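Engineer: Starting off with a structure, shown below.
The values are calculated or read from the model by the stated rules, or taken from the named source; none is laboratory data. These numbers come from a predicted model, not from an experiment. Note: ideal-geometry Cβ built from the backbone for every residue, glycine included; neighbour counts use all protein chains shown. Surface areas here come from the heavy atoms of the whole protein model, side chains and all, with no ligands, DNA or RNA. Shrake-Rupley method; radii C 1.70, N 1.55, O 1.52, S 1.80 Å.
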Amino acid sequence: MKNGIHPENYRLVVFKDMSNDEVFLCKSTAETKDTIVYEGQEYPLIKMEISSTSHPFYTGKVKLVDTAGRVDKFMNKYKKFAK
């Protein structure tokens with residue numbers, strides 16, 4: 001690895017999956033103003049929309065999110081091709 005190109009300010013950070021409230025602690029350089037108390041200590045908090053604990057690829061569960069009727073619109077458009 002080249003010297004001087006990697007960040008030096010790694011610190012412990014809590015990442016929180018907002019879709020299922022799972023939290024995990026690891027080192028990161030990500031900046032945040034939020035904090036959380038985790039296992040009796042205060043850490044910086046990074047909020048995530050999805051992680052390996054909620055992503056369908058890792059969980060094996062398909063989660064269908066319908067935004068503004070897009071799924072219904074798609075199903076109606078292609079139902080003539082259904083067998």
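Engineer: Return the residues of the range 41-51 that are open to solvent by 70 Å² or more (accessible area, probe 1.4 Å) and of a type outside the set (A, V, I, L, M); say none if nothing qualifies.
Structural biologist: Filtering the range 41-51 for residues open to solvent by 70 Å² or more (accessible area, probe 1.4 Å) gives 41-42, 47, 49-50.
Q41, E42, K47, E49, listed by residue number.
Engineer: Return the residues of the range 8-18 that are open to solvent by 60 Å² or more (accessible area, probe 1.4 Å) and not basic (K, R); say none if nothing qualifies.
Structural biologist: Keep residues of the range 8-18 that are open to solvent by 60 Å² or more (accessible area, probe 1.4 Å), which gives 8-12, 18.
Scanning the range 8-18 gives E8, N9, Y10, L12, M18.
Engineer: Now for a different question. When the residues of the range 19-40 are narrowed to those that are among the hydrophobic types (A, V, I, L, M, F, W, C) and not in a loop (DSSP other than H, G, I, E, B), which ends up surrounded by the most Cβ atoms within 10 Å (Cβ to Cβ)? Spell out how you get there, then give the answer.
Structural biologist: Keep residues of the range 19-40 that are among the hydrophobic types (A, V, I, L, M, F, W, C), which gives 23-26, 30, 36-37.
Restricting the remaining residues to those that are not in a loop (DSSP other than H, G, I, E, B) gives 23-26, 36-37.
Working: V23: 15, F24: 13, L25: 14, C26: 10, I36: 17, V37: 10.
Checking each candidate, the answer is I36.
Engineer: Right, here's the next one. Could you run through the range 1-18 and say how many residues are aliphatic (A, V, I, L, M) and either touching an Asp or Glu at 6+ places or on another chain (Cβ under 9 Å) or outside any loop (DSSP other than H, G, I, E, B) (or both)?
Structural biologist: Within the range 1-18, the subset aliphatic (A, V, I, L, M) is 1, 5, 12-14, 18.
So of that shortlist, the ones also either touching an Asp or Glu at 6+ places or on another chain (Cβ under 9 Å) or outside any loop (DSSP other than H, G, I, E, B) (or both) come out as 12-14, 18.
Final tally of qualifying residues: 4.
Condition check ((1) more than 19 Å from the chain's Cα centre (by Cα); (2) at pLDDT below 85) across all residues:
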| position | (1), (2) |
| --- | --- |
| M18 | no, no |
| S28 | no, no |
| E31 | no, no |
| D34 | no, no |
| F57 | no, yes |
| G69 | yes, yes |
